[in-house]
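Data block below; observations after.
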Amino acid sequence: MTRQPKITFIGAGSTTFMKNIIGDILQRPALSGARIALMDINAERLQESEVIVRKLISSLGAKATIEMHSSQKRALDGANFVVVAFQIGGFEPCTVTDFEVPKKYGLRQTIADTLGVGGIMRGLRTVPHLWSICEDMMQVCPEAILLQYVNPMAINTWAIAEKYPKIKQVGLCHSVQGTAMELAEDLDIPYEEIRYTSAGINHMAFYLKFEHRQPDGSYKDLYPDLLRGYREGRAPKPTWNPRCPNKVRYEMLTRLGYFVTESSEHFAEYTPYFIKEGREDLIEKFGIPLDEYPKRCVEQIERWKGQAAAYMSADKIEVKKSKEYASSIVNSVWTGEPSVIYGNQRNNGCITSLPDNCAAEVPCLVDENGIQPTFVGALPPQLTALMRTNINVQELTVQALMTENREHLYHAAMMDPHTAAELDLDQIWSLVDDLLIAHNEWIPQWARIEKKVRAA
């Protein structure tokens, strides 16, 4: 019998995402007999996930087996691949806190899961749990590959590489391929005819090339068409979300000459240009969706209730391929069939204009040798400069975690482009105090403060 991989899913209660990843894996012939181990701390959600995976297996006629775990270490034992997707502290209370406390200081956010005070706090809550997974992996599956889908992606990837350099890991996001599909739609060109190269850091990578294959086999640069479409009002086309018109990225294209891979609602809070007190004209002009992430969470929770009921009562579940990279990675490593993905790993000189120890997002070759990032070289200087403003925040957050020095959390917030553009130093220190107090039970002991100490 052909050996089958063990794929462990930590955070299997993220049921919709889990369904997409496992569905992708089971559709690949070489993986259809995989051993699937699901682990979550929420017994009810874990049970829902078990029912759905069993129906996926049945619907696809796969020979996969499934096992359920409440113990992380048991779930990881003997794994070949580990998929991680969770949100420490959940929408309530932690995400709500990340929005409501800064709002008291006049600091408004859109997504708050990657950078800014929201991203710093999410990293502080999340990294210790990722480290606990790495610690268990070192003991029971040291050769496994960690496929990490948790935000803040760059902070997480950087922190894992610092503390557990032997762990084979990759941070995965769908922004590169997802945005390429959106741009193909804006240009009325089939996605399959697009060729691109992207590089940078997670959520702030840029398409260094974005081209259309011509009938004679040559390639046409599509940047002039994107710029023309924006200036003539034909782009961007309406998105899936009417609250998010996607104008910020097109505006930045006109300034930088390159298009960024993560959405306008994210990008608006990674820079100091778009969300400003007293500048409601900017909010209106660029369609900045303030408090967008909490709105999405509420909608997703409501949508899931109906979706879960439908899945639980259905005999069969329709399985469509998603745009996630996980199944491609597993298939390539397991079979040797090569593929190319965009992954986040320690830079190690791939992008020469960024620090070696930062988490870089670059094209990676995947085969039986694992995930191999490719050399990019230096980025255009304006892109490098913008990324460094975000890397500063990431680096200081990782330093705080590695050294258990709470002061670096304040330094990280102080360096954040959006926070620094809105608040003075006293406000930043006071805001971080308030967030640490509010998150007290969700953060490491060294980061906790019992009460606010104000200057006399």
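The values are calculated or read from the model by the stated rules, or taken from the named source; none is laboratory data. Computed from a prediction, not measured in an experiment: that's the story for all the values here. Neighbour counts are summed over all protein chains in view; Cβ atoms, including those assigned to glycine, are modelled from backbone coordinates with ideal geometry. Surface accessibility is based on the protein's heavy atoms, side chains included, excluding ligands, DNA and RNA. Shrake-Rupley method; radii C 1.70, N 1.55, O 1.52, S 1.80 Å.
Only one of Tyr207, Tyr273, Tyr230, Tyr250 is among the hydroxyl-bearing types (Ser, Thr, Tyr) and open to solvent by 70 Å² or more (accessible area, probe 1.4 Å). Can you tell me which?
The unique qualifying residue is Tyr273.
For the range 282-311, enumerate the residues that are more than 18 Å from Gly90 (Cα to Cα), open to solvent by less than 80 Å² (accessible area, probe 1.4 Å), of a type outside the set (A, V, I, L, M, F, W, C) and in a helix (DSSP H, G or I). Even if it seems obvious, please write down each step before you answer.
To start, the set of residues in the range 282-311 that are more than 18 Å from Gly90 (Cα to Cα) comprises 282-290, 306-311.
Pick out the ones that are also open to solvent by less than 80 Å² (accessible area, probe 1.4 Å) and you get 282-283, 286-290, 306-311.
Now narrow it down to the ones that are of a type outside the set (A, V, I, L, M, F, W, C): 287, 289, 306-307, 311.
Correct list: Gly306, Gln307, Tyr311.
Examine the range 162-172 for a residue that is within 21 Å of Ile21 (Cα to Cα), modelled with pLDDT of 95 or more and of a type in the set (A, V, I, L, M, F, W, C), and state whether such a residue exists. Walk me through how you get there before you give the answer.
Narrowing the range 162-172 to residues within 21 Å of Ile21 (Cα to Cα): 168-172.
Now restrict to residues that are modelled with pLDDT of 95 or more: 168-172.
So of that shortlist, the ones also of a type in the set (A, V, I, L, M, F, W, C) come out as 170, 172.
Yes.
Please go through the range 81-114 and pick out each residue that is part of a loop (DSSP other than H, G, I, E, B), over 22 Å from Pro128 (Cα atoms), open to solvent by less than 40 Å² (accessible area, probe 1.4 Å) and of a type outside the set (A, V, I, L, M, F, W, C).
Matches in the range 81-114: Gly106, Gln109, Thr110.
Of (1) among the small types (Gly, Ala, Ser); (2) assigned to a helix (DSSP H, G or I); (3) within 16 Å of Glu262 (Cβ to Cβ), Ala184 satisfies all except one. Which?
Among (1) among the small types (Gly, Ala, Ser); (2) assigned to a helix (DSSP H, G or I); (3) within 16 Å of Glu262 (Cβ to Cβ), the lone unmet condition for Ala184 is (3).
Among the residues of the range 374-403, count how many are outside any helix (DSSP H, G or I) and either in contact with a Ser or Thr (Cβ under 7 Å, 6 or more places away or on another chain) or surrounded by fewer than 19 Cβ atoms within 10 Å (Cβ to Cβ) (or both). Lay out the reasoning, then the answer.
Taking the range 374-403 and keeping what is outside any helix (DSSP H, G or I), we get 374-380.
From the residues that got through so far, the ones that are either in contact with a Ser or Thr (Cβ under 7 Å, 6 or more places away or on another chain) or surrounded by fewer than 19 Cβ atoms within 10 Å (Cβ to Cβ) (or both) too are 374-375, 377-380.
The qualifying residues number 6.
What residue, among those in the range 350-364 that are more than 18 Å from the chain's Cα centre (by Cα) and open to solvent by less than 20 Å² (accessible area, probe 1.4 Å), is farthest from Leu26 (Cα to Cα)? Break it down into steps so the answer makes sense when it comes.
Within the range 350-364, the first condition is being more than 18 Å from the chain's Cα centre (by Cα), and the residues that meet it are 350-357.
Subset that is open to solvent by less than 20 Å² (accessible area, probe 1.4 Å): 350-351, 354.
On the way: Cys350: 33, Ile351: 35, Leu354: 38 Å.
Checking each candidate, the answer is Leu354.
Do we have any residue at all in the range 7-27 that's among the acidic types (Asp, Glu), outside any loop (DSSP other than H, G, I, E, B) and closer than 14 Å to Val330 by Cβ? Can you show your working first?
Taking the range 7-27 first, the residues among the acidic types (Asp, Glu) are 24.
Restricting the remaining residues to those that are outside any loop (DSSP other than H, G, I, E, B) gives 24.
Within this subset, residues satisfying the condition of being closer than 14 Å to Val330 by Cβ are 24.
Yes, some residue in the range 7-27 is among the acidic types (Asp, Glu), outside any loop (DSSP other than H, G, I, E, B) and closer than 14 Å to Val330 by Cβ.
For the range 312-337, how many residues are at pLDDT 90 or above and not in a helix (DSSP H, G or I)?
Matching residues across the range 312-337 total 7.
Where the second residue is assigned to a helix (DSSP H, G or I) and basic (Lys, Arg) and the first is open to solvent by 90 Å² or more (accessible area, probe 1.4 Å) and lies in the range 312-324, which pairs have Cβ atoms under 7 Å and are six or more apart or on separate chains?
The qualifying pairs are Lys316/Lys55.
So is Glu368 touching an Asp or Glu at 6+ places or on another chain (Cβ under 7 Å) and either open to solvent by 20 Å² or more (accessible area, probe 1.4 Å) or in contact (Cβ under 8 Å) with a residue 60 or more places away in the chain (or both) or not? Step through it out loud before you land on a result.
Numbers: touching an Asp or Glu at 6+ places or on another chain (Cβ under 7 Å): no; either open to solvent by 20 Å² or more (accessible area, probe 1.4 Å) or in contact (Cβ under 8 Å) with a residue 60 or more places away in the chain (or both): yes.
No: the conditions fail for Glu368.
Sort out which residues of the range 127-155 are surrounded by 19 or more Cβ atoms within 10 Å (Cβ to Cβ) and within 17 Å of Ile329 (Cβ to Cβ), and write them in order of number.
Met137, Cys141, Ala144, Ile145, Leu146, Leu147, Gln148, Tyr149, Val150, Met153
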